[in-house]
1. Would you mind telling me which numbered condition in (1) of a type in the set (Val, Ile, Thr); (2) crowded, with 24+ Cβ neighbours inside 10 Å; (3) farther than 23 Å from Gln121 by Cβ Val69 fails?
2. May I ask you to list the residues in the range 277-321 that are away from the ligand (no atom under 16 Å from the Cβ) and either in a strand (DSSP E or B) or at pLDDT 85 or above (or both)?
3. Picking from Leu55, Leu41, which residue would you name as being in a loop (DSSP other than H, G, I, E, B) and within 16 Å of the ligand (Cβ to nearest atom)?
4. Could you please tell me which pairs satisfy a Cβ distance under 9 Å, a separation of 6+ or placement on different chains, a first residue in the range 128-156 that is closer than 26 Å to Ala239 by Cβ, and a second residue that is assigned to a strand (DSSP E or B) and of a type in the set (Ser, Thr, Tyr)?
5. Please determine, by comparing only the residues of the range 58-77 that are hydrophobic (A, V, I, L, M, F, W, C) and over 16 Å from Ala286 (Cβ atoms), which one is nearest to the ligand (Cβ to nearest atom).
6. Filter the range 107-124 down to the residues that are in a helix (DSSP H, G or I) and either within 21 Å of the chain's Cα centre (by Cα) or at positive phi (or both) and list them by number.
Amino acid sequence: MWRYAEVLPVAFDADVSMGEGLTPLVGAPGHPGCWLKLDYLMPTLSFKDRGAVVLATLAKVTGAERLVVDSSGNAGTALAAYAARCGVACEVFVPRGTSGAKVNQMRAHGADVHVVDGDRQAAAEAAISRLADAPGARYASHVYDPYFLHGTKTFAYELWEQTAGHLPGTVLLPVGNGTLLLGAYLGFLELVSRGYLPSLPRLVGVQAGRCAPLAAAYARGLVQPVALTPGPTVAEGIAISRPPRGAQCLEAVRASGGCFVTVDEEEIVAAQAELAANGLFVEPTAAVCWAALVAGADADDDHGGSVGRDGGAVVPLCGSGLKTAH
Ligand SMILES: *Cc1c(COP(=O)(O)O)cnc(C)c1O
């Protein structure tokens, strides 16, 4: 991704980078004109490396001694790995129920992992209170730190380059906190404003039906996420009931002419199995956009309508199946 160093807020550091980015774009099986972006083929096996390398480089440059992070798994794993490369200590707060494989991966990189007895929100609160008494600590939040989005925006730049500027009409994005959605939006805005793209692609945010505060807000025409009590979902990486940047996510999707859609548990599980049957081993969260494409391709407007039918679509696959395999 450092081929786009000119538009990144920190300089390339060869001791920190692990060659993240420029992931393959391959044809989607059975859906002509649609593409899969294999962001699970990253150094720590999720798209979070795009943002984590930027935050860790920044921590190194500014002399932070410790990164404090809250995460449902993959962001913590990515930051643990990149913090290790910078020689900076890393503490990760995860909610109870986070996949053991993700926790093992963080610990392998030397992070101090605290499993918080509560949900994702409780993990965030624990991280914030830890920061108050940890001198030299920097909050490396993928949710709040704007530098993270400058890393994830490279997703848009790569799509532009890999399609030679002829992007499909729709880009689907999994949305929990929206760090890939907002990064992609930022990247596409930059490309449009510099004259490299004629217009934004339609951004379609995909949420799990059991935890869909943004899809519910979109459906009701609201500008803030809907407060709800989430149900359990296999899509642990997007199980965010109160996304702090929810209003910004809704605005980005609307500004692009896109929409929010939901997929149910059965659709997610079936999508994961179908991808695996095509050689693509991803975690359940990473199958939600494929589930939405399949649902939208065979049907009607309440499933996202023309998702993928006119002008093709890009479906990111964001996390490896090894993250949740037993
Ligand atoms: C983090 C993550 C997401 C969601 O990212 P948000 O920033 O919460 O929207 C989706 N899929 C995978 C595999 C992830 O790790």
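The values are calculated or read from the model by the stated rules, or taken from the named source; none is laboratory data. Note that the coordinates shown come from a computational prediction; the quantities given were computed from them, not determined experimentally. Ideal geometry is used to build each Cβ from the backbone, glycine not excepted, and the neighbour counts take in all protein chains shown.
1. (3)
2. The first filter runs over the range 277-321 and keeps only residues away from the ligand (no atom under 16 Å from the Cβ), leaving 277-279, 294-313.
Ala277, Asn278, Gly279, Val294, Ala295, Gly296, Gly312, Ala313, listed by residue number.
3. On the way: Leu55 fails: in a loop (DSSP other than H, G, I, E, B).
Testing whether each residue is in a loop (DSSP other than H, G, I, E, B) and within 16 Å of the ligand (Cβ to nearest atom) leaves just Leu41.
4. Ile128/Tyr139; Leu131/Tyr139; Asp145/Tyr139
5. Within the range 58-77, the first condition is being hydrophobic (A, V, I, L, M, F, W, C), and the residues that meet it are 58-59, 61, 64, 67-69, 75.
Next cut, over 16 Å from Ala286 (Cβ atoms) only: 58-59, 61, 64, 67-69.
Numbers: Leu58: 18, Ala59: 19, Val61: 24, Ala64: 22, Leu67: 17, Val68: 18, Val69: 12 Å.
Looking at the filtered set, the residue picked out is Val69.
6. At the first step, the residues of the range 107-124 found to be in a helix (DSSP H, G or I) are 107-108, 120-124.
Matches in the range 107-124: Arg120, Gln121, Ala122, Ala123, Ala124.
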